[in-house]
Structure formats: C-alpha cells, structure tokens
Amino acid sequence: MNELKINQQVIPTNWNKREILRNKGQFWTPDWVTMPMVEYVTKDSDLIFDPATGTGAFLQAILLLNKTCKYYGTDIDENVLKSIIYNNPIATVEKKDFIKNPPNRKFDAIIANPPYIRHHRIDEQTKELLRQLTTKIIGSTIDGRAGYHIYFLLQALNLLTKNGRLAFIMPADTCEGVFSKKLWNWIGKNYLIESVITFSENAAPFPEIDTNAIIFLIKNQKPINKLFWIKVNEVGNELLQFIQSDFTNTDLPTIDIIERELSEALQTGLSRPPHQELISPYKLSDFATVMRGIATGANDFFFLTNQQIEELNLPKEYFRLTLGRTRDVENDILTTKEIIELDRKGRPTMLLYIDKPKNNLPKQLMDYIKEGEKLELNKRALIKSRNPWYKTEKREIPEMLFAYLGRRDIRFIKNEVGVLPLHCLHCVYTNSKDKQEINNLWTVLNHPETLENLKYVSKSYGSGALKAEPQSLKDLPIPEKFVKKYNLTIRKKQIYNTLF
C-alpha cells in the first residue's frame, strides 16, 4: 500500500510527496472538526471568509449544516481551487495570497486551517515581509522562529470586524513556541478568547501528522478573564453540540469542559491543562543548569567508531567519548558496559574534539581535515561560522543527560561513564557535585510525578510526544515533597566560564 486515507485527503507515505505537502502546509480537516468551527462563526454572520481554502473542507461543513450563508475563499494553489465543490452557487473563490495581498475589507466571520509551514521553509524575503506585517499589526516583531500559520492568524485578526468571530485550527506550537508568550499576551489584551479546544490522542484530527491540533474561538470584543478550555476525548458530535448550545450544555461525557482564568491559561500555556494543584516553588534551575548537546554540523565526519579511527590512523587523544542518539541508551544509567556494547555493534562513540585552535596538529589529522574541506564541509551553514571550521563546540562532562524528545523515552540519564552528548540530548550540570546529592536529584527527576510536569514546559507533538528545549526545561516544576524527602539543597550554581 502506497497511500493512507484520512477522510477526503490522501496522505502519501512517500517522503518526497510528503515534503511537497509540508512546503504547502496543506492538510484536510475532518468534518467532525470543521462543523463546530462553522457553527461558531456563523452565529451572527451571513458571509464566511476562508483565507486558506484548500479543497473545501469548511465549505463542505457549511453544506452539511445547511447554512444559508455565503462563502468567500482564497488560496494560492490553483489546483485545489479546481475542486468540484467550488461550483456551488454560495461559493466564491480566488487565487490570492492572503499574506501578501489580503482582501481590502473586513469580515464578520473568518475560519481557517492555515498552512502549517515551519520557519526554516520560509525564504528570507518573505520573512522580512512577515516582520513588517507583524510590526504593523501589533507594533513590534515576534521571534523569527514562528511558522507561517502564526502570521495567518495575525492577519485574520486584523481583518475581523468589531464583534466578529474567528475560528482557527492550528498546531500546538502556536502556544508553545518561543514567540507564544508575546503573541498571546497581545491577543489576550485586544480580543476575547472565548474557547480553546484541544484533543486527546484518541481524537487527533490529523492522526497521521506529527502535530497536535488546537482550535481557537476568538471574538473581536473587549477581553474578559474567563475562557472555556476543552479537551475532546473521542471522535463524535458532542463538540458540535457544545458550540450549538452556546457553551451552556456541559453534560457531554466525551469532552472535558473547564472554565479557566485567562491569566492562568496564558501563564501555563493555552495548549496545556490547568494546574490542578499548587505548583511547587522549586524548579530544575534551583538545582542544575541545562544546555543542549553538541551540534557538529556533519556527524559522519566528526562522530566515528573506534574501528574508523584505527583504519584512518587518527590520534585518539583528539577524540572524546560521546553519545550520539537517545536509543543508544536503554536504561536510566549510562555505564561502561553500554558503551562497550555500542562499540561491539559498530555504533560511533568517539567525537573529534578540537575545542580550540592548535598548532602543529598531527599529519594524519591534518590530512583528514583536508578531506573534509574537499567535501566542502567547511562551507556548511552551521560549520562555516567556526574558526577554524573543525573546532568543536565545547562542553564539560555533564552529571546527567536528558532525552528531551519522545513519548516514552523522555528521562534523565545518570552519566556514570562520563560521555559528552550530541544535540539529541541535553546536558544537565548539577549545582552540587556530591555523588549522593546527584543521585538524589536524579531519583527525583525520574519520578513519574516530576516527569508528568514536563507537559507544562514542553512542546507537544502527535501521539503524545513532548519536546523540552533547554530554556524551558530549566522551569520544570520539582514537587516540593520530594525536595524535602530527599533533602535537596539549593546551592550556588557552579557555572563554568567554558560553558557559556
């Protein structure tokens, strides 16, 4: 089988075909999701504007609900606009770029599944236009790591009439990226965030796509400090019933309905559940410093097996013991036994580690470096900023490693063998260097109650996967009862100048 079907869209399993979808950000939204969104925006409007029509998921929902409103849509892909559904008399669609050439009017109802295009797929000229657009709308720029969908949201809010309604379905990173605090604080001060709808793994709108979806229902009205936070646990029509009841029908067993304080929701993160109890005053940063692992820019060149080093006759004193991927360590303690086993399997465990310019490097090593230059490794984006290019990022050996991306593999690993990690793992430098205190902290960090708190500091992806960046991980709440039970002491951080 070469293709998987999700409702009307065919999601290719072929990598190249998926890359085309990712570049366009086109993914079909299922009916049981589009219908509640249409129900919300059509409350007081007879015209719906869809700035990213795709093949007509929202128009289909309008027809299924027998709405009498008109539908106006734009898209840059003329192929999707040829869909037979747009022959319907209520529909008017145009080939138009919503960001670069938006409609010259405002709307009472705007609905969209905007293109999910991550920042590294956006060219520099477009990024400059996005910076100008953001400055025009909110008065300043936001972090450049925001994806294209974020600017669709801002542009749409800017085109919303007074008392108008907006329904957008977006990826969870809309609330979790480095730009999110500034974005949502601005939205929360200028618009009424009426409801945020999240989905459990069993009810994922895009089950074959590695992202969590969230629906935002927003009015262009004076903000209030309350919102309905919803979690949909099963596919069905109860979300539609909730919207149709104007948020009054709460007797719906397949969805969780929580009324939250806006201030708390913005502080916690709109994609995350509210804190069910008082969060501990202690954070990981009280006991440790976090840094990402080493990024080489060319693992095939810098990260070698012992056999390769011997065959190339390279001097071992220029290599450091290193861990290259999370699945290379199955347990929560990394010892010499695991490293020997990796070496036996032919896995690389040695990193070329020239942390500062050195004169008179051995001839064999200089010959190897010249081979790298023949391959033009020195011209790669990440590498060319180094001087010399083969200089390795410097790290001290961390007491612990953190496997920061995954579903079941997220954990703190005690580094008893003294390896350096590549960027697939974070370095955790404990403030205390006492072995017993390190062991106590490691025990606390791997406790299920501590790991459960990762959802408050991580980005969420499909299938329950989480990703915690170093700057976010430092804010991981450490349960107060464990701080007392294991006698964890907040000590002055031993910050190495070489780390920063």
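Throughout, read-outs are computed from the coordinates displayed, never taken from laboratory work. Model, not experiment: these values are computed from the prediction. As a convention, Cβ positions derive from the backbone with ideal geometry for all residues, glycine included, and neighbour counts pool all protein chains shown.
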For Thr305 and Asp143, compute 0.36 nm times the residue count separating them, minus their Cα-Cα distance, and round to one decimal in nm.
54.4 nm
Taking His423, His149 and counting other beta carbon atoms within 10 angstrom, the fewest-first order is His423, His149
By a straight-distance test (C-alpha under 20 Å), which lysines pair with Lys67 as possible cross-link partners, with residues fewer than eight away in the same chain excluded?
Lys43
Simple spin-label model, 7 Å along Cα-to-Cβ: Lys433 to Glu416 in nm?
2.1
Rounded to the nearest 0.05, what FRET efficiency do Glu201 and Glu128 give with R0 = 51 Å and r taken as the Cβ-Cβ distance? Could you check?
0.85
Take Thr68, Thr250, Thr349, Thr268 and order them by how many other Cβ atoms sit within 10 Å, fewest up front.
Thr68, Thr250, Thr268, Thr349
Just order 255-264, 293-302 by mean Cβ neighbour count inside 10 Å, highest at the front, would you?
293-302, 255-264
Spherically averaged projected area of the chain from its Cα convex hull (nm²):
27.0
Points 7 angstrom from Cα along the Cβ direction at Gln221 and Lys43: gap in nanometres?
0.6
Round to a whole angstrom and tell me the spacing of the C-alpha centers of the range 108-131 and the range 336-387.
38
Can you say what percent of the DSSP beta bridges in the chain, counting only those with both residues inside, are antiparallel? Round to 5.
65
Relative to the compact-globule estimate 2.2 N^0.38 Å (N residues), the Cα gyration radius of the range 3-268 stands at a ratio of 0.95
Would you pull out the residues with amide H under 5 Å of Lys226's amide H, same chain only if 5 or more places away, H placed 1.01 Å from N?
Leu262
For labels at Thr489 and Ile90 in the simple 7 Å Cα→Cβ model, what's the distance in nm?
7.1
On a 31 Å Cα-Cα criterion, which of the cross-link pairs Lys96/Lys182; Lys219/Lys283; Lys127/Lys219; Lys189/Lys484; Lys106/Lys181 come out too long?
Lys219/Lys283; Lys189/Lys484
Report the equivalent ellipsoid semi-axes for the range 351-490 in whole Å, largest first, defined as the square roots of five times the eigenvalues of the gyration tensor built from alpha carbon atoms.
37, 19, 11
Run the numbers for Glu376 and Arg344: contour at 0.36 nm per residue of separation, minus the present Cα-Cα distance, in nm.
8.4 nm
